[in-house]
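> Have a look at this one.
Coordinate-derived values only; no laboratory data. Treat the numbers as computed from the prediction; the structure is a model and nothing was measured. Every residue, glycine as well, gets a Cβ built from its backbone with ideal geometry; the counts of neighbours run over all protein chains shown.
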Amino acid sequence: MSGSKPNILGLAATALYYQAGQQMTPKVEQLLNEALAKDKNEVSSLSLLATIALENRQYQQAGMYLQQLLDSGNAAVDRRSVIQRMKMLDFLQRGKKGQNP
């Protein structure tokens, strides 16, 4: 897939991630790195990275990826969905802080 457009690379990385049982394989990582090297605001790649960070309870990192999506100005970004995810992250972070004072 070398030489492919960033959005194709991001979509391929997402598909491979789910095919691998939601595992970050070396191929998934390679595709994400290549996509983001070509376009630092590639929507599928950032969304996948936010999802992975959330699954790993890395809420601050997930929030950074989601904020980058919002800041990209890309018309393909579902702003409402991203904002909802950010609100969910805020809720999760507050819950995490409440458990670990």
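> Within 10 Å, count the other beta carbons around each residue, average over each peptide in 65-78, 39-52, 22-35, and list them highest first.
Highest to lowest by the protection proxy: 39-52, 22-35, 65-78.
> Continuing with this model, one more query. Quick one: helix 79-99 against the long Cα principal axis of the chain, what's the angle to the nearest 10°, folded into 0 to 90?
Roughly 50 degrees, rounded to the nearest 10.
> Mind giving me the FRET efficiency for Gln60 and Glu29? R0 is 22 Å, r the Cβ-Cβ distance, nearest 0.05 is fine.
Result of the calculation: an efficiency of 0.60.
> Helix 43-55 against the longest principal axis of the chain: what's the angle in degrees, Cα atoms only, rounded to the nearest 10?
Taking Cα atoms only, the helix is inclined about 40 degrees.
> Let me ask something additional. Take the alpha carbon gyration tensor of the range 6-99, find the square roots of its eigenvalues, order them as a ≥ b ≥ c, and report rounded if a/c is under 1.5; if not, report prolate when a/b exceeds b/c, else oblate.
Oblate is the answer for the range 6-99, as a/c is 1.5 or above yet b/c matches or exceeds a/b.
> Which of the lysines could a cross-linker span from Lys5 if the Cα-Cα distance has to be under 16 Å and same-chain partners fewer than 8 positions apart are dropped?
Correct list for Lys5: Lys38, Lys40.
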